[in-house]
Amino acid sequence: MTESFRRSGDYDNPYQGAQQHASSPVNPEWPPPPAHEPTVQPGGAAGAPTALLTEPVARPPKSRRRNRGPVALLAAVAIVAAAIGGGTAYGIQELTGNDTVAAAGSTSTNVVPSSQKGTVSGVAKAVSPSIVEINAQSNAGSSTGSGVIITSDGEIITNNHVVSGASQVKVTTSDGKEYTAEVVGTDSSKDLALIKLRNASGLTAATLGDSDGVQVGDEVVAIGSPEGLTGTVTSGIVSALDRDVTVSTDESQGQQQQQGGGGGWPFEFGGQQFNGDTGSSTTTYKAIQTDASLNPGNSGGALIDMNGNIIGINSAMYSASGSSSSDAGSVGLGFAIPINTVKSDLAKLRSGSQN
């Protein structure tokens, strides 16, 4: 273990000095040089040095210094990041240029290109191909809403109240293509519905995030078709979590919304009714509150984090008490169904449940 305390340049090699300067005085603390030529090791070449002359005492510890350079430091940080996860992994992504990050409270995939990371335009460009406009027809009239593509063959999540009572559903994708859709399953207790496009393939599916990791103050983007304006993008923050929002479960109520033509959504909050009467049959769910602008037609669209992951399905908005759907407009109080609620309900919706 003594070699760990010796460094190149700490002292001169005594044997080398003795050979080059035979007349020079010898330090009495040094051991005397060998009295005869070292013997040749078995199998070795004549004049080959012995282990004494090749001892790694004077070897410069360059390799050790090199291991403490940037590569080793990055590896060490990566190990720490893997241990604690979350936001630290974001720092590793910055160092390595890797577009895949373990963002806190989200999925491990960053769908926004690194050059546009954290920008509304980057999120809009990456996610807009996964958002559709939905037109539902019934005997009472028609309504416009939005939806989120979740499979490449055309499964789409939207609100139950968007397609409630509809006899025909038409869907327009971001590239202008129009499809006929059928309602696969509905869950009025959570205001969710699953529809499926006919003869669709190669669509861009959205990345579903983790709404349990969402925090108040997080930046978000909303994409939908308010008032039939396809692909409208707004932005804001998460204003609050776990808001109790009560919506109608009556099919007739959905038909009344359609008749109004505004695609609005009656709901209750804080003991008051907004955007019309919710009727006698209602359901309550925990919602994400956002100040991103939502208007009639945004229902069923996406609330998105800045990595491009869907964290909620927009479902309700505040408007003056007693306002009709056509009068409703955004005042910075919108609500979205958490995406984890959607994910937990998917199997039920795919089974064809209609309630």
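The values are calculated or read from the model by the stated rules, or taken from the named source; none is laboratory data. Not measured: the values here are computed from a predicted model. Neighbour counts run over all protein chains shown; Cβ positions are idealised from the backbone, glycine included. Calculation scope for accessible area: heavy atoms of the full protein, side chains included, ligands and nucleic acids excluded. Shrake-Rupley method; radii C 1.70, N 1.55, O 1.52, S 1.80 Å.
Quote the FRET efficiency, to the nearest 0.05, computed for Thr151 versus Ser281 with a Förster distance R0 of 45 Å and r equal to the Cβ-Cβ distance. Please list the in-between numbers first.
Working: r = 31 Å, r/R0 = 0.69.
Calculated transfer efficiency: 0.90.
Probe of 1.4 angstrom, ligands and nucleic acids ignored: what's the accessible area per residue over region 138-205, in square angstrom? Before the final figure, lay out each step's value.
Details: 2490 Å² over 68 residues.
Per-residue accessible area for region 138-205 comes out at 37 Å².
How would you order 302-312, 167-177, 283-293 from highest to lowest mean count of nearby Cβ atoms within 10 Å?
Details: 302-312: 27.9, 167-177: 15.8, 283-293: 20.8.
Per-residue Cβ counts within 10 Å, averaged per peptide and sorted highest first, yield 302-312, 283-293, 167-177.
Taking the Cα-to-Cβ direction at Asp242 and at Lys170 and moving 7 Å from each Cα, how far apart do the two end points lie in nm?
4.4
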